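These notes are about the structure you will find just below.
Derivation of every value follows stated rules applied to the coordinates shown; laboratory data play no part. Only a predicted model underlies this, so the values are computations on that prediction, with no experimental measurement involved. In this analysis, Cβ positions are derived from the backbone assuming ideal geometry, glycine residues included, and neighbour counts consider all displayed protein chains.
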Amino acid sequence: MKCRKCGTTAVINMRQHRLSLCQECFLEWVPHQVQRTIEKFHMFVPDDRVLGAVSGGKDSLALWDILLSLGYSADGIYIHLGISDGDYCDVSQQKVECFAAARDVRFQVVNVAQEYGQSIPQVARRKRGRSTCGTCGLVKRHIMNQVACDGRYAVLATGHNVDDEAAVLFQNALHWATGYLARQAPVLPASHPRLARKAKPLIRLYEREMAAYALLRGIDYIYDECPYSKGATTLFYKDLLNQLEEKSPGAKQQFYLSFLQARREGRLLPMKSGQVDMSVCQRCGQPTTAPELCAFCRLWD
Ligand code: AMP
Ligand code: FES
Ligand code: ZN
């Protein structure tokens with residue numbers, strides 16, 4: 001297998017693009033794709049200060065690496081969730097620390113248990129009606145938003161890739177969850193002074209490409225998935241989409257990118273815009289649809 005750009009031995013074949021590339025060309029191609037995505041969706045501009053949410057996994061560390069190599073000013077935030085099974089969070093944090101130290105970039109850690117008195121598994125045990133992942137998602141979103149707003153970052157960037165987005169889209173489409181479909185966008189504007197703009201610059205890249213990028217760039221990341229993600233429905237949908245992709249290369253990407261295009265062109269059923277009346281949480285000041293305290297603040301009571 002030869003690299004289509006330079007003719008040397010290819011290290012990766014991307015069937016959906018009918019493109020095989022050698023290491024050097026692939027390591028140029030990935031950041032180029034990310035730059036195109038950032039521009040196409042008006043995510044941010046070179047002068048913007050970006051806050052990268054880094055979990056210690058391949059996608060978010062690769063994203064940070066790419067943003068820095070493209071010349072963006074990008075700091076990181078790591079949220080320690082207190083998941084101690086297999087020392088999951090301690091190991092993830094170490095990966096982020098090593099990455100930041102090697103590149104001399106700034107990052108901040110928010111330790112949930114130290115900051116709020118309880119780890120995610122502890123809060124989740126108290127809140128019987130909510131899954132651990134659901135609680136975790138709520139806490140992560142709140143903290144990321146808070147840090148991005150407090151630090152006056154122009155945008156919060158996360159490492160969601162095509163596989164993540166297509167799986168969520170599949171799940172939402174199966175349930176015709178129009179509210180969620182309306183909000184599933186590559187970039188969400190800051191619709192309130194206390195809400196950060198959010199961007200997903202990796203939405204044109206497959207999970208396997210991100211793993212290859214991290215490996216070839218020598219990025220040390222945590223291989224293990226979160227212990228609570230075992231049996232998660234998103235993994236089931238990812239698996240289904242991969243089966244489809246195997247038979248029909250590009251199906252996964254087409255499913256997601258066609259959704260974005262249909263949405264842009266207004267070809268979807270009228271969807272709830274996701275714009276609802278918002279008040280401000282009396283404790284933390286973040287926007288909420290609840291009358292007094294936001295869902296995050298209610299968690300700790
Ligand atoms: P997930 O929701 O775990 O699939 O993660 C989606 C994205 O959220 C990742 O690519 C990261 O950008 C961000 N993220 C997830 N977990 C953390 C964490 N513990 N700290 C900071 N960012 C995170
Ligand atoms: Fe939050 Fe797994 S990362 S429950
Ligand atoms: Zn609150």
Amide H within-cut-off set for Leu19, under 5 Å, with H built and near neighbours excluded:
Met14
Using packing as a proxy for protection, rank 75-83, 227-235 so that the peptide with the highest average count of other Cβ atoms within 10 Å comes first.
75-83, 227-235
For helix 88-103, report the angle its Cα long axis makes with the longest principal axis of the Cα atoms of the chain; keep it between 0 and 90° and round to the nearest 10°.
60 degrees
Roughly what would the spin-label model give for Asp277 and Gln254, points 7 Å off Cα along C-beta, in nm?
4.6 nm
Quick check: the angle from helix 251-264's long axis to the longest principal axis of the chain, C-alpha only, nearest 10 degrees?
60 degrees
Karplus couplings for the range 155-163 from phi (6.51 cos²θ - 1.76 cosθ + 1.60, θ = phi - 60°), rounded to Hz, Gly and Pro as x?
7, 10, 10, 10, x, 5, 10, 4, 4
With bins of 20 Å, the percent of all Cα-Cα pairs of the chain per bin from 0 is 30, 62, 8, 0
Of Leu19, Ala102, Phe255, whose Cα points farthest to the positive end of the dipole of the chain (charges on the beta-carbon: +1 Lys, Arg; -1 Asp, Glu; origin at the Cα centre)?
Phe255
If one takes the longest principal axis of the Cα atoms in the chain, at what angle in degrees, from 0 to 90 and to the nearest 10, does the Cα axis of helix 58-69 lie?
70 degrees
Under the Karplus relation with 6.51, -1.76 and 1.60 and θ = phi - 60°, whole-Hz ³J(HN,Hα) for the range 279-289, x at Gly and Pro, equal 10, 10, 4, 6, 9, 9, x, 7, x, 8, 8
Calculate how many DSSP beta bridges within the chain are antiparallel, expressed in % of all such bridges and rounded to the nearest 5.
35 percent
So what is the 222 nm mean residue ellipticity for the chain from helices alone, if each DSSP H run of at least 4 adds -39500 (n - 2.57) and you divide by all residues, rounding to the nearest 500 deg cm²/dmol?
-14500 deg cm²/dmol
What FRET efficiency comes out for Leu68 versus Glu292 if R0 is 30 angstrom and r is the Cβ-Cβ distance? Round to the nearest 0.05.
0.10
quick note, the range 1-122, DSSP beta bridge pairs, % antiparallel (nearest 5) is 30 percent
Pull up all non-local amide H partners of His80: gap of 5 or more, or a different chain, and H-to-H distance under 5 Å with H placed in the peptide plane.
Val110, Asn111, Val112
Filter the GluC sites (Glu not before Pro) in the range 129-212 down to the DSSP loop ones having no more than 12 other Cβ atoms within 10 Å, then list what survives.
none
Phi to ³J(HN,Hα) by Karplus 6.51 cos²θ - 1.76 cosθ + 1.60 over the range 213-222, Hz, x for Gly, Pro
4, 4, 5, 5, 8, x, 7, 8, 10, 7
If each K or R counts +1 and each D or E counts -1, the residues other than Gly151 whose Cβ falls under 15 Å of its Cβ total +3
